[in-house]
Amino acid sequence: MGRRKHLMAQAIKENKKKVAFASLSNHGVSAKKTKIVLDMVRGMDVARALGVLKFTPNKSASVVEKLLLSAIANWEAKNEDKNIEDAGLYIKTITAEQKGMLKRIQPAPQGRAHRIRKRSSKINIVLGEKNS
């Protein structure tokens, strides 16, 4: 009975070995602010995206740049026989999702308290090849 599930799991594992991706699970900036940076580079080729991220004055931009370099390194590890320039790597999908939230209390006048919500996000990058 569990044979079909096992075969499906093996197939998913094999497909995942071919895909170059990177993810960051606990980025200290909210997903809403991070999505602004991600929208700038979505669908771009890798070299151009690295240039855009390098000169974007945003905390998320430097983190996304490091994550993109990590995804490129993952692609190189999985495709040792191919060349990056010939493959035409581009950002296939890039997403930011809201992660957990740290809740803190800020003292306020007259015995009151205000809630502070420190939001964090998760970023995923998947690279694709134009010339495959």
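Taking label points 7 Å from Cα along the Cα-to-Cβ direction, K59 and R104 give a separation of 1.1 nm. Note on L67, L102, L24: ascending count of other Cβ atoms within 10 Å places them as L102, L24, L67, the fewest first. At 0.36 nm per residue, and after removing the present C-alpha to C-alpha distance, how many nm does the segment from N26 to N74 gain when stretched out fully? Extra length from N26 to N74 when fully extended: 15.3 nm. Annotation for region 25-93: GluC sites (Glu not before Pro) lying in DSSP loop with at most 10 further Cβ atoms inside 10 Å of their Cβ are E80. For a straight C-alpha distance cut-off of 30 angstrom, the lysines reachable from K5 (same-chain residues fewer than eight places away being disregarded) are K13, K16, K17, K18, K78, K92, K99, K122. Extension gain, H6 to E85, is 24.7 nm, computed as 0.36 nm per intervening residue step minus the present C-alpha separation. Comparing Cα centroids, region 47-72 and region 15-42 end up 11 angstrom apart. Per residue, the convex hull spanned by the Cα atoms of the chain measures out at 136 cubic angstrom.
Every number here is computed from the coordinates shown, using simple stated rules; none is lab data. Here the structure is a predicted model, which means the values were calculated and not measured. Here the Cβ is made from the backbone with ideal geometry for all residues, glycine too, and neighbour counts use every protein chain on show.
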